[in-house]
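Notes to accompany the following structure.
The values are calculated or read from the model by the stated rules, or taken from the named source; none is laboratory data. Bear in mind the structure is a predicted one, so any value in this text is a computation, not a measurement. Backbone-built Cβ (ideal geometry, glycine too); neighbour counts: all protein chains shown. Note: accessible area is taken over every heavy atom of the protein model, side chains too, but ligands, DNA and RNA are not part of it. Shrake-Rupley method; radii C 1.70, N 1.55, O 1.52, S 1.80 Å.
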Amino acid sequence: MYTTILWDIDNTLLDFNASEKYAFDACMMQAGVTPSDQLLAAYSRINRAFWKRLERGEITKEVLLRQRFVTFFETVGIQDVDVTLFQNTYQKLLGSVYYFLDDSYALCQKLHKTHRQYIVTNGVASTQRSKLRLSGLDRWMNGVFISEELHAEKPSLRFFEQSFAQIPGFQKEEAIIIGDSLTSDMRGGSQAGIACCWYNPGNLPVPTDIRPDYIIRNLWEALPIVNP
């Protein structure tokens, strides 16, 4: 039985894609540009690439937050946009809305009665804490571990070891991480020596280089795993 659950936030407990669209479209309109699905898709691809670089330790988060928009505007040929203002507004809007996946609020509320639950995220601290507070998910969590505050990114062993050190009586064999990212959550959890549960609602193929211990398509499928 697993007694300690480490949850990812974005595209696990909460629908990041929906929040991203809301914030991106609002910022584009503020910048005088008509938003479109094509522009959002272009930005999303660039943004994901920058986050992967962060996971690999190639760039800092400060570089990521600004340069992703610089690269985006250059790629799509949009000029005369105040990148700093755009980034600051985008980040605030991103943390002002939330959309639950698979009724995750009710699931975390239920598990709070029997398990210790913690957040593990690479997201911007102010944005993540805002979403947790507004959504009410924070009331069911025993702690929140954010890479920006730990000065280490998932999937690094340093991130996980620092998180484990702050969990009273932590036992690796009783811990499991649940998240959507193979490269961040599954690889990081595996390297840290804990069980890994891949949230895969899109039924994507399992790669050969990363083998999660469990695979679920709906968050509620985690119940018999953590409490058999």
### Task
Provide a single number: the residues in the range 68-84 that are polar (S, T, N, Q) and either touching a strand residue (DSSP E or B) at 6+ places or on another chain (Cβ under 7 Å) or part of a loop (DSSP other than H, G, I, E, B) (or both).
1
### All positions within the range 48-67 that are assigned to a helix (DSSP H, G or I), touching a residue at least 24 places away in the same chain (Cβ under 8 Å) and open to solvent by less than 70 Å² (accessible area, probe 1.4 Å)
Trp51, Leu54, Glu55, Lys61, Leu65
### Task
Output yes when any residue across the range 19-27 is open to solvent by 40 Å² or more (accessible area, probe 1.4 Å) and touching a residue at least 60 places away in the same chain (Cβ under 8 Å), and no when none is.
yes
#### Entry: Every residue from the range 123-161 that is acidic (Asp, Glu) and more than 19 Å from Lys92 (Cβ to Cβ)
Glu153, Glu161
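With out of contact with any Gly (no Cβ under 7 Å at 6 or more places or on another chain), exposed (fewer than 15 other Cβ atoms within 10 Å of the Cβ) and under 22 Å from Asn47 (Cβ atoms) as the only criterion, which of Glu148, Glu74 stands out?
Glu74
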### Query
When you go through Gln87, Gln117 one by one, which is the residue that is polar (S, T, N, Q), surrounded by 15 or more Cβ atoms within 10 Å (Cβ to Cβ) and outside any helix (DSSP H, G or I)?
Gln117
### Task
Report, by residue number, each residue of the range 93-109 that is in contact (Cβ under 8 Å) with a residue 24 or more places away in the chain and either within 13 Å of Trp7 (Cβ to Cβ) or part of a helix (DSSP H, G or I) (or both).
Leu93, Leu94, Phe100, Leu101, Asp102, Ser104, Tyr105, Leu107, Cys108, Gln109
### Query
Under the condition of being small (Gly, Ala, Ser) and within 16 Å of the chain's Cα centre (by Cα), which residue from the range 120-145 is most open to solvent (accessible area, probe 1.4 Å)?
Ser126
